[in-house]
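Here the structure comes first, spelled out in structure tokens, and everything after it is commentary.
The values are calculated or read from the model by the stated rules, or taken from the named source; none is laboratory data. These numbers were taken from a predicted model, which means no experiment stands behind them. Here the Cβ positions follow ideal geometry from the backbone for every residue, glycine too, while neighbour counts run over all protein chains shown.
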Amino acid sequence: MPVTEPVLCKRIPTPPWGDPKDRHVVGYDEYVKTGGYQALEKALAMKPAAVVDLIKDSQLRGRGGAGFPCGLKWTFLPEPDDGRRYLAVNCDEAEPCTFKDRLLIDFDPHLVLEGIAITCYACGLDTAYFFIRGEYRKQAKIVQNAIDEAYQHGIFGNKGSMKGKSDFAVECYMHLSAGAYICGEETGMLECIEGKRGWPRIKPPFPAVKGLFGRPTIINNVETLAAVGPIVEYGIEWWTGMGCESSVGGPPSYGPKLMGVSGHVNKPGVYEVDLGIPLSKLVNDYCGGMRGGKQFKGAIAGGVSMGVLGPDQFDAEMDFDIGRKYQVLGLGTACPTIFDQDTDMVAVARNIARFFAHESCGQCTPCREGTTWTYKLLSRIERGEGTSKDLDLLLEIAGSMGIMPGTTICGLADGANWAVRTIINKFRDEFEARVKPVLVPLGVG
Ligand SMILES: Cc1cc2nc3c(=O)[nH]c(=O)nc-3n(C[C@H](O)[C@H](O)[C@H](O)COP(=O)(O)O)c2cc1C
Ligand code: SF4
């Protein structure tokens, strides 16, 4: 069953479902009038373990970038003791080209809060921190307002609250991020919430066992949490009827997905579509086609850290298999940026490298030095001052930094390396046309 009706955007008239002029923040009363918080009531009538099983069986995969199975993550928590247990809600959304969580906050914050309440009940978590991007000042006000409303109506707060239907009590706080990309990395986020510099932590221990303030912590993305309520309300069959199976023998990509499309299309924006939709269909049927009728040249798969799709990959299916099938890192945030025929891919690579060099937190030498030198080399090539040796050096640097080669603490370096490697590999001609050949002296002796 394809996504014919919006699921996460049920109350948001997004294109093609409504006029953007009709959009407004859905407050508590309107949310309840349109069926909101019924999923929480349903969850509270179930045993917490049954809610965890339901989410596990739905095979909901994380929407924050890695696609990790949500229910499985929840089972990593140890048995409760007398101490605190936390939920850290990741709304940092600092990945360039990614702007889909913002839509949920801008228009339907209670959908996320309901997901938070259900998750805390299911996993026995008593405190939630809503971590929001530093630049999202307007959205921070919306979130704080919605949290206040949720307290007033007994969703959060003292024992006996949760609409008076449970002994369980959850406190929910908003925490404004410091405004750096690395603060969205899950352990960088935990450090920030603890009031420290957003430096990622070495794992293990994993946050489910030792997270915030050394206590068990679940970390989920805003869109993942927004999906929890609808799954509880409408059931597994409904959820697994959307999206697609894996075509390479991996786990499925069920459910709808928010895809934020930017770049050279006629109607950039956030669209709620089935996972597995071909990129060409997303661009042509939803985004009004390529801007100015130009040819598709390539696309960032889903946030710059995922790398790029080449000219022959316009029909790539946007699901969690995309990495294995199309030589990119993965689906990431599923927010593609589209490039037309006139795009200078050397400039694209240099611009992305600049971002990573600026955002590296500097703890790991391969990342700190690697991203800086990658940016310097690409700038040199863009100016026409590079040599063919620089290209090989770039690929060597890129291939030697990241969690995958085992040289760094977090995934930022992998993102930098995949972005640069895939652009050079898929658009090598453009780079070669910009570099000078290395002259080898002839016939000495
Ligand atoms: C450098 C870096 C930045 C990240 N930024 C975000 C972010 O802004 N939002 C997010 O949800 N996940 C981000 N992630 C992924 C998180 O570490 C984590 O996997 C995610 O929040 C888990 O939620 P999920 O399982 O619901 O997807 C980032 C990862 C890295 C390596
Ligand atoms: S990989 Fe880069 S961003 Fe991540 S911890 Fe190491 S230096 Fe910091």
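When you check G302 against the structure, is it under 14 Å from the mean Cα position of the chain (by Cα), under 22 Å from N220 (Cα atoms) and surrounded by fewer than 24 Cβ atoms within 10 Å (Cβ to Cβ), yes or no? In short, no. Figure legend. Inter-residue proximity from the range 324-350: first residues in the same structural domain as H264 (by TED's automatic domain parsing) and within 21 Å of R61 (Cβ to Cβ), second residues among the acidic types (D, E) and in a helix (DSSP H, G or I), beta-carbon distance below 7 Å, spacing 6+ or different chains. Indicated pairs: L329/D414. Restricting attention to the range 74-99, the residues that are surrounded by fewer than 24 Cβ atoms within 10 Å (Cβ to Cβ), charged (D, E, K, R) and within 16 Å of ligand 1 (Cβ to nearest atom) add up to 1. Exactly one residue out of K257, K294 is assigned by TED's automatic domain parsing to the domain that holds G332, among the charged types (D, E, K, R), surrounded by fewer than 16 Cβ atoms within 10 Å (Cβ to Cβ) and at pLDDT 95 or above, and it is K294. The lone criterion from (1) in contact with a Gly (Cβ under 8 Å, 6 or more places away or on another chain); (2) within 24 Å of S360 (Cβ to Cβ) left unmet by C91 is number (1). Of all residues in the range 308-341, those satisfying the criterion of being assigned to a loop (DSSP other than H, G, I, E, B), of a type outside the set (A, V, I, L, M, F, W, C) and touching a Lys or Arg at 6+ places or on another chain (Cβ under 7 Å) are G310, T333, Q341.
Filtering the range 386-418 to residues that are outside any helix (DSSP H, G or I) and either within 13 Å of ligand 2 (Cβ to nearest atom) or assigned by TED's automatic domain parsing to the domain that holds P204 (or both) leaves S400, M401, G402, I403, M404, P405, G406, T407, T408, I409, C410, G411. When the criteria are applied in full, I202 fails the requirement of being within 27 Å of R11 (Cα to Cα) and of a type in the set (V, I, T). On the basis of being assigned by TED's automatic domain parsing to the domain that holds G415, without any contact (Cβ under 8 Å) to a residue 60 or more places away in the chain, within 21 Å of the chain's Cα centre (by Cα) and surrounded by fewer than 19 Cβ atoms within 10 Å (Cβ to Cβ), does R368 make the cut? No. Does the range 198-214 contain at least one residue that is at negative phi, within 16 Å of ligand 2 (Cβ to nearest atom), at pLDDT 95 or above and among the basic types (K, R)? Within the range 198-214, one or more residues are at negative phi, within 16 Å of ligand 2 (Cβ to nearest atom), at pLDDT 95 or above and among the basic types (K, R).
Counting residues in the range 356-370 that are within 16 Å of ligand 1 (Cβ to nearest atom), assigned to a loop (DSSP other than H, G, I, E, B) and of a type in the set (S, T, Y) gives one or more.
Each row is one residue, and each column tells you yes or no for (1) touching a helix residue (DSSP H, G or I) at 6+ places or on another chain (Cβ under 7 Å); (2) modelled with pLDDT of 95 or more; (3) surrounded by fewer than 19 Cβ atoms within 10 Å (Cβ to Cβ); (4) farther than 20 Å from V304 by Cβ.
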{"site": "G386", "(1), (2), (3), (4)": "yes, no, no, yes"}
{"site": "E396", "(1), (2), (3), (4)": "no, no, yes, yes"}
{"site": "D429", "(1), (2), (3), (4)": "no, yes, yes, yes"}
{"site": "P437", "(1), (2), (3), (4)": "yes, no, yes, yes"}
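The condition of being more than 24 Å from G188 (Cα to Cα) and under 24 Å from the mean Cα position of the chain (by Cα) holds for only one of T422, T407, that being T422.
With the requirement that a residue be in a strand (DSSP E or B) and either farther than 24 Å from E171 by Cα or of a type in the set (S, T, N, Q) (or both), what does the range 55-89 give you? Correct list: R61, P69. Exactly one residue out of E237, E186, E191 is in the same structural domain as A140 (by TED's automatic domain parsing), out of contact with any helix residue (DSSP H, G or I) (no Cβ under 6 Å at 6 or more places or on another chain) and closer than 26 Å to T422 by Cβ: that is E186.
Remark: G402 falls outside the filter, which requires a residue to be crowded, with 20+ Cβ neighbours inside 10 Å, more than 16 Å from ligand 1 (Cβ to nearest atom), at pLDDT below 95 and not aliphatic (A, V, I, L, M).
Among the residues in the range 20-27, are any within 24 Å of C335 (Cβ to Cβ), modelled with pLDDT of 95 or more and of a type outside the set (G, A, S)? Within the range 20-27, one or more residues are within 24 Å of C335 (Cβ to Cβ), modelled with pLDDT of 95 or more and of a type outside the set (G, A, S). Quick check: is even one residue across the range 420-443 in contact with a Gly (Cβ under 8 Å, 6 or more places away or on another chain) and within 16 Å of ligand 1 (Cβ to nearest atom)? The answer is no; no qualifying residue exists.
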